[in-house]
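> Structure provided below as structure tokens; questions to follow.
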Amino acid sequence: MDLSLLLTLGVIHSLALISPGPDFAIMVKIATQQLRSTALATAVGISLAILVHTTLSLTGVSLLIKSSHFLYLAVQLGGASYLAWMGVGALSSVVRRVSSAGVRPANPAAAEHAAPPAPLAHVRPMSRRQGFFAGLYTNLLNPKALVFFLTLFSALITPEVKADTKMAAALLLLLLSLAWFGFLALVLSNPRVQLGLERFMPVIDGIIGVIFITVAAAIIYGLLG
């Protein structure tokens, strides 16, 4: 087993995990606005999608997709559409929050003595299943993730690399992903953290929406260029 290769893969993947992108954005959005169980399900969904990308790259399937004009075009269009849809949803959430905040209560005097809203009061609750698939689809349908893992393994995993090292690499990337996104889920889903971030939710949703739409636009721009 090539430990130096595994170390290199681990470092590169860890840097990719902590960098801002659709995975980080969806994790922050769900963890700060939903129940902890839903956030953890999202973390599992993203991590399993990464495992799928890793497996496809190690087995050569990703290379076949990338080499086929029609298959890769379908992946890019599908991924861009999904990311754009997620971005529009996040921006729509901003509009709903601003609109609800602008509505004045019928009895201002009673509103002054009312309890502050719960951190989850202004969002639509998601089930664990919905959280899982939100994480899974965000990574799995992102063509940039496919290209990242294909490039990473093409550069580092040569034909001489043994099967046990390949299996260890897939397991390592899965565990690193679970650790990072699980950490975000546990920290950001803390009720105190959610309550503290409540006033910044429109800004958070706005940034997340821009991230998703920017990535989607970059994919479409690449197709047109």
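The values are calculated or read from the model by the stated rules, or taken from the named source; none is laboratory data. Note that the structure is a prediction, hence the values are computed from the model and not measured. Reconstructed Cβ throughout: ideal geometry from the backbone, glycine too, with neighbour counts over all protein chains shown. With ligands, DNA and RNA removed, areas are computed over all heavy atoms of the protein, side chains included. Shrake-Rupley method; radii C 1.70, N 1.55, O 1.52, S 1.80 Å.
> Is at least one residue of the range 24-31 out of contact with any Cys (no Cβ under 7 Å at 6 or more places or on another chain), closer than 12 Å to SER177 by Cα and open to solvent by 30 Å² or more (accessible area, probe 1.4 Å)?
Among the residues of the range 24-31, at least one is out of contact with any Cys (no Cβ under 7 Å at 6 or more places or on another chain), closer than 12 Å to SER177 by Cα and open to solvent by 30 Å² or more (accessible area, probe 1.4 Å), which makes the answer yes.
> Then there is this: Can you pull out the residues in the range 167-195 that are of a type in the set (Val, Ile, Thr) and open to solvent by 50 Å² or more (accessible area, probe 1.4 Å)?
Passing the criteria: only VAL187.
> Kindly indicate whether any position in the range 69-82 is in contact with a Phe, Trp or Tyr (Cβ under 9 Å, 6 or more places away or on another chain), in a helix (DSSP H, G or I) and touching a residue at least 12 places away in the same chain (Cβ under 8 Å).
Yes: the range 69-82 contains one or more residues that are in contact with a Phe, Trp or Tyr (Cβ under 9 Å, 6 or more places away or on another chain), in a helix (DSSP H, G or I) and touching a residue at least 12 places away in the same chain (Cβ under 8 Å).
> Continuing with the same structure: Quick one: would you say ARG96 is of a type in the set (D, E, K, R) and modelled with pLDDT under 85?
Taking the combined requirement at face value, the residue satisfies it.
> Another one. Any residue at all in the range 2-21 that is of a type in the set (Asp, Glu), in contact (Cβ under 8 Å) with a residue 12 or more places away in the chain, crowded, with 21+ Cβ neighbours inside 10 Å and touching a helix residue (DSSP H, G or I) at 6+ places or on another chain (Cβ under 8 Å)?
no
> Now for a different question. If I ask for residues that are part of a helix (DSSP H, G or I), more than 19 Å from the chain's Cα centre (by Cα) and surrounded by fewer than 17 Cβ atoms within 10 Å (Cβ to Cβ), which ones from the range 123-164 would you list?
Those that are part of a helix (DSSP H, G or I), more than 19 Å from the chain's Cα centre (by Cα) and surrounded by fewer than 17 Cβ atoms within 10 Å (Cβ to Cβ): THR151, SER154, ALA155, LEU156, ALA163, ASP164.
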